[in-house]
Amino acid sequence: MKWIVACDREGGIGKDGKLLVRLPSDMKYFRQQTLGKTVIMGRSTLESFPGGKPLPDRRNIVLSRRLPENGSYEVCRSEAELLELVKAEDPQDLFVIGGGQIYRLLLPYCDEALVTEIDAVCAADTFIPLLSKDPEWKCVSKSEPVSESGVTYVFAVYRRVRA
């Protein structure tokens, strides 16, 4: 399982149910990485999409205790139910896409994280743990800095360090 996330220097990922900034190159990167794969999210992340509709051309799984079933996405009521549902899938095809609670809940099952690191501190109300400060994670690659929409960022890949 993998994380895919954009965060600021303090681990901020969103404010008022929205992304901190709109970064077209990051959106393109997200689409390239997740197209044809399985994306796992919480209810609030699903509701933040245009029209509250799941992402096209992906298997959408929503982890929620109260979201009603829907034919356009699958709902899991618990962590155990989710893990059972995806156990036969290639872990490289499973992407955790938010929000903050779901990132924290599923981090122990992830071995890789694709992190768009925004070189700024934004007004955020939703945060993730910073893998750059976690000794269980190592940055294995970083892109050259990208600047757009008045923001500079890099695409970083982290891998879990196995003892």
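With θ taken as phi - 60° and the Karplus curve 6.51 cos²θ - 1.76 cosθ + 1.60 applied, the whole-hertz 3J(HN,Hα) list for the stretch 50-63 is x, x, x, 8, x, 6, x, 6, 9, 7, 9, 10, 10, 8 Hz, x standing for glycine and proline.
Backbone phi angles across the stretch 134-148, fed through the Karplus curve with coefficients 6.51, -1.76 and 1.60 (θ = phi - 60°), yield HN-Hα couplings of 9, x, 7, 10, 10, 6, 9, 6, 9, 6, 5, x, 10, 10, 7 Hz in residue order; Gly and Pro are listed as x. Model label sites at Phe127 and Arg162, defined 7 Å from Cα along the beta-carbon direction, differ in position by 3.2 nm.
Residues considered: Arg66, Arg104, Arg31. Largest GNM mean-square fluctuation over the chain, using C-alpha springs under 10 Å, is found at Arg66.
Determine, from the Cβ-Cβ distance of Gln101 and Lys142 and an R0 of 25 Å, the FRET efficiency 1/(1 + (r/R0)^6), rounded to the nearest 0.05. Can you show the working numbers first?
Values: r = 27 Å, r/R0 = 1.09.
Given R0 = 25 Å and the Cβ-Cβ separation, E is 0.40.
In a simple Cβ point-charge model (Lys, Arg +1; Asp, Glu -1; nothing else charged), the chain has a dipole of about 80 debye relative to its Cα centre.
So if each residue of separation counts as 0.36 nm, and I subtract the Cα-Cα distance between Val154 and Glu69, what length gain in nm does that give? Let's see the in-between values first.
Values: separation 85, 0.36 × 85 = 30.60 nm, distance 3.71 nm.
Fully extending the segment from Val154 to Glu69 adds 26.9 nm.
With 28 Å as the limit, the listed pairs Lys2/Lys133; Lys28/Lys53; Lys37/Lys138; Lys18/Lys87; Lys53/Lys142 have Lys18/Lys87; Lys53/Lys142 beyond it between alpha carbons.
The residue among Ile13, Ile128, Phe49 whose Cα reaches farthest toward the positive pole of the charge dipole of the stretch 1-135, with charges on the beta-carbon of Lys, Arg, Asp and Glu, is Phe49.
When DSSP assigns beta bridges and you keep just the ones with both residues in the stretch 1-87, what percent turn out antiparallel, to the nearest 5? Let's see the in-between values first.
Numbers: 3 of 11 bridges.
Roughly 25 percent of the DSSP beta bridges within the stretch 1-87 come out antiparallel.
For the stretch 96-163, pairs of C-alpha atoms spaced more than 21 angstrom apart make up 28 percent of the total. Summarising the strand pairing of the stretch 23-163, around 55 percent of its internal DSSP beta bridges are antiparallel.
For Leu35, put the label point 7 Å out on the Cα→Cβ axis and report which residues of the stretch 45-88 keep their amide N under 17 Å from it. Label zone hits: 55-60. Residues of the stretch 33-70 with an amide N closer than 16 Å to a point placed 7 Å from the Cα of Glu79 along the Cα-to-Cβ direction: 41-42, 63-65.
Please state the relative contact order of the stretch 26-102 as a whole percent: Cα pairs under 8 Å, 6+ residues apart? Could you put the intermediate results ahead of the total?
Numbers: 103 pairs, mean separation 28.0, N = 77.
36 percent.
Database remark: amide H of Thr152 closer than 5 angstrom to the amide H of Asp119 (H placed geometrically; neighbours at sequence offset of 5 or more, or on other chains; Pro and chain starts carry no H). Ligands, DNA and RNA are left out, and with a 1.4 angstrom probe the accessible area of the stretch 20-163 is 56 Å² per residue. Each Lys or Arg adds one and each Asp or Glu subtracts one; over the other residues with Cβ under 15 Å from the Cβ of Leu19, this totals -2.
When the chain is fully extended, how far beyond the present Cα-Cα distance does Met27 get from Glu10, taking 0.36 nm per residue of separation? Show your work: numbers first, answer last.
Working: separation 17, 0.36 × 17 = 6.12 nm, distance 2.07 nm.
Roughly 4.1 nm would be gained on extension.
The values are calculated or read from the model by the stated rules, or taken from the named source; none is laboratory data. Quick caveat, the model's predicted, so the values are computed rather than measured. When we count neighbours, we look across all protein chains shown, and the Cβ atoms used for this are built from the backbone with ideal geometry, even at glycine. Protein only, heavy atoms only, side chains kept; ligands, DNA and RNA dropped before computing areas. Shrake-Rupley method; radii C 1.70, N 1.55, O 1.52, S 1.80 Å.
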